[in-house]
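Colleague: First the structure, then my questions, so here it is.
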Amino acid sequence: MSTSKTLDPEVQAILESVASDPRCELLRVPKLTVPSMQATAVSKREPFLKRAERRLLEVHRIDISQLLLDHVRSAVIAGERAEGRLLNYATANLRSEAPEPAAMIRRSRERLARKATLQECPDEVTLLERCVQSSPGKRPETSSLALAALRLVPRVDTKICLGIALGQEGRESEGLEVLYSVIDGEPSQMMLSYAWQNVALLRERLDPGRVALDAVRSAACTVEKRGDPAMRWFASALQLGDPAEALRASVYVEEALPPSHRSIEEFIQMRRELDADCGWEGNGRLRTAFSSIETRLPEQTWRIGHDLSQIS
């Protein structure tokens, strides 16, 4: 057994025991449980638990849930970046802040007092995956890791990551079900904004239109000065040929981002790449909508609208 440089020795021993015993069911969650997932933690008194699993719940529940969540976050962010759907962005009033998703990962790692990233700890990642995998030699999906984390600590941000992961795995309807359950659960305003933003992303994959637009508007309006959903709102309104909606969104973009902010160019580039991959629909509507309001737009959204109107 190799020794992890980041794991507490007892935590590593427990995970090794769980990973090597196929009878351990605590972290191995079948796919079919996703639609009926219950947001309640598994009790340490459950009769199916083995000794190592019970010790895990008694002493290390929070730490191991956090380890799983860190891995899930890294995986879903890598997946969104690969699809060109996640940007490095900040807000006008927090310009020195790291990108929001990266900041979330950084803070969780700091709480665990770990200096290395999960990518720099392949033994740790492999060990976590072995605890979750349903069959030997088959790497578990990211959604399975998120479900395992939820069985330990049912956190809102973990559920959001689960919804994203399901969407990346081609299970958009289940991902939406999870995200809507977050929204219905009255989370904090920031978590509500993140949930709506990811609803919009999944809706765009299934059927770009008013439902996706409504979702991204909710994300932008729930927490002001979040540049990414505001830009997405503006672009979606133009693409649907709705200049009034685009003007409303432009106000939020202007409040969130200064004209020279790097996120604007990144957003434009991301949209160009999406067009190259799958093409745009309704470019005629976009150009007409943009031309009708371009003299009334602030510099930030004028740049976005001008560049998008050039896409053929």
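Colleague: Using 7 Å Cα-to-Cβ label points, what is the A244/K50 separation (nm, one decimal)?
Modeller: 6.3
Colleague: Along the Cα→Cβ direction, 7 angstrom out, place labels at D123 and E177. What is the inter-label distance in nm?
Modeller: Placing both labels 7 Å along Cα→Cβ, they lie 4.0 nm apart.
Colleague: Of the peptides 298-308, 146-156, how do they stack up when ordered by the mean number of other Cβ atoms within 10 Å, highest first?
Modeller: Values: 298-308: 19.6, 146-156: 22.8.
Going by the mean number of other Cβ atoms within 10 Å, highest first, we get 146-156, 298-308.
Colleague: Further question: If we count other beta carbons within 10 Å of each Cβ, what is the order of D184, D214, fewest first? It would help to have the intermediate numbers written out before the result.
Modeller: Details: D184 9, D214 15.
Ordered by Cβ neighbours within 10 Å, fewest first: D184, D214.
Colleague: For V153 paired with E265, estimate the spin-label separation in nm (one decimal), with each label point 7 Å from Cα along the Cα-to-Cβ line.
Modeller: Taking the two extended label points, one gets 3.9 nm.
Bear in mind these aren't lab numbers, they're just calculated from the coordinates by the rules spelled out. Computed from a predicted model, the values in this text were never measured in an experiment. Positions of Cβ are generated from backbone atoms using ideal geometry, with glycine treated the same way; all protein chains shown enter the neighbour counts.
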